[in-house]
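The values are calculated or read from the model by the stated rules, or taken from the named source; none is laboratory data. For clarity, every value in this text was computed on a predicted model and none was experimentally measured. Here the Cβ is made from the backbone with ideal geometry for all residues, glycine too, and neighbour counts use every protein chain on show.
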């Protein structure tokens, strides 16, 4: 698993989640074209009104952009907004001039706000951009941005943006943007010195994108070392006959434990075709090898093949996968299965204990969670996270998130032929005799 870099609240905490920027835009120019600082006529102006609210508070600002006598922004900003001063006039801070390249980065901020990005934040910003000609509004665009990720692009060097693999980017079509934080900083200096000052780019080595690019370079070096180490472990030749492997460096796993992690993808058609491997670390090396992993993969594969409904769902479709996790030599379970899974298993009347946790995945990251044991041919379906409904796939339309702390926990029992029974636990307390049982070791 890739580690995430935390950001300060007002600098916006980026998360790879299901959030995206939401915006509404109405362009009222004669050509109905998007507003642009670069294409602005010499006699026209643009005004940007923004308000930011986050876990650290809020503030308001106004930017007045004009081309005469040279490209410049007059900044108005409060020092921190409260409910009492929200509607008060904004004080003038200072004036900052821009080069043509910096004006282009202003346009890039609008480009970012118009896009969709797979990130989210506790910071919420509302922006209204208005173009004027002879004192009359000629175009308006409004955005609501909750991505908290644009600061990563502040004065970014294109070389650093290119260093981030596309799969690692949390935003679409990244372009360097003019930094508002930097703009405000220079505007304050302008006001203190009572003179117009030029915008000075953030030094490359101090930009967020440079930090991310350097982190990516370090990460790639560690990944290469980890990959080489995992490929020399006993048993890898047999694994390599069936799966391709991509590895990542040592990282924290479930809070405290350091592991080597790898992702296996089947070379040819098989039921279990995705396997996430976590090998505990001892003295900076894996504490186990592939010979401990192979029997577990074979055992889960045989168990999955014994359930016709899984094979029927998966078929030959390239976007459907059966994914399991293996920690050391054991199938990965919940951290506390005796509380999270076992009560539903027992309530359902299933024999034995749930031995295998399988994720039935789609390529769009949708999945359902299924538990199977060795003593019962039925399966327990406890969670769903599906992006879309698929005809003929009944569980793709479910919204199921089993938790024993719910007032009425819900789950499904699936027979080998695919028939199912919906059930609920009205008594969600964990039975004493069951909670006393020792669960399987889990990380």
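Does the range 338-358 contain any residue that is surrounded by 19 or more Cβ atoms within 10 Å (Cβ to Cβ) and over 23 Å from residue 410 (Cα atoms)? Within the range 338-358, none of the residues are surrounded by 19 or more Cβ atoms within 10 Å (Cβ to Cβ) and over 23 Å from residue 410 (Cα atoms). For the range 354-373, the criterion of being closer than 29 Å to residue 262 by Cα and free of Cβ contacts under 8 Å to residues at least 12 places away in the same chain is met by none of the residues. Does residue 185 satisfy the criteria of being part of a helix (DSSP H, G or I), farther than 17 Å from residue 103 by Cα and in contact with a strand residue (DSSP E or B) (Cβ under 9 Å, 6 or more places away or on another chain)? Spelling it out, it is not the case that residue 185 is part of a helix (DSSP H, G or I), farther than 17 Å from residue 103 by Cα and in contact with a strand residue (DSSP E or B) (Cβ under 9 Å, 6 or more places away or on another chain). Flag: residue 212 matches the condition of being in contact with a helix residue (DSSP H, G or I) (Cβ under 7 Å, 6 or more places away or on another chain) and either at pLDDT 95 or above or surrounded by 13 or more Cβ atoms within 10 Å (Cβ to Cβ) (or both).
What residue, of 177, 242, 140, is in contact with a strand residue (DSSP E or B) (Cβ under 7 Å, 6 or more places away or on another chain) and surrounded by 20 or more Cβ atoms within 10 Å (Cβ to Cβ)? Give the steps one after another, and end with the answer.
Working: 242 fails: surrounded by 20 or more Cβ atoms within 10 Å (Cβ to Cβ); 140 fails: surrounded by 20 or more Cβ atoms within 10 Å (Cβ to Cβ).
Step by step, each of 177, 242, 140 is checked, and only 177 is in contact with a strand residue (DSSP E or B) (Cβ under 7 Å, 6 or more places away or on another chain) and surrounded by 20 or more Cβ atoms within 10 Å (Cβ to Cβ).
Across the range 402-424, the number of residues qualifying as under 12 Å from residue 341 (Cα atoms) and at pLDDT below 90 comes to 6.
Return a yes/no flag: does the range 21-40 have any residue that is modelled with pLDDT of 85 or more, touching a strand residue (DSSP E or B) at 6+ places or on another chain (Cβ under 9 Å) and either under 28 Å from residue 213 (Cβ atoms) or surrounded by fewer than 14 Cβ atoms within 10 Å (Cβ to Cβ) (or both). Yes - at least one qualifying residue is present in the range 21-40.
Within the range 195-207, is even one residue modelled with pLDDT of 95 or more, outside the structural domain of residue 328 (by TED's automatic domain parsing), out of contact with any helix residue (DSSP H, G or I) (no Cβ under 6 Å at 6 or more places or on another chain) and over 30 Å from residue 111 (Cβ atoms)? Scanning the range 195-207 turns up at least one residue that is modelled with pLDDT of 95 or more, outside the structural domain of residue 328 (by TED's automatic domain parsing), out of contact with any helix residue (DSSP H, G or I) (no Cβ under 6 Å at 6 or more places or on another chain) and over 30 Å from residue 111 (Cβ atoms). For the range 153-170, residues that are surrounded by 21 or more Cβ atoms within 10 Å (Cβ to Cβ) and part of a loop (DSSP other than H, G, I, E, B) total 2.
With the structure loaded, tell me whether residue 184 is over 20 Å from residue 37 (Cα atoms) and in contact (Cβ under 8 Å) with a residue 12 or more places away in the chain or whether it fails that test. So residue 184 does not fit the description; no.
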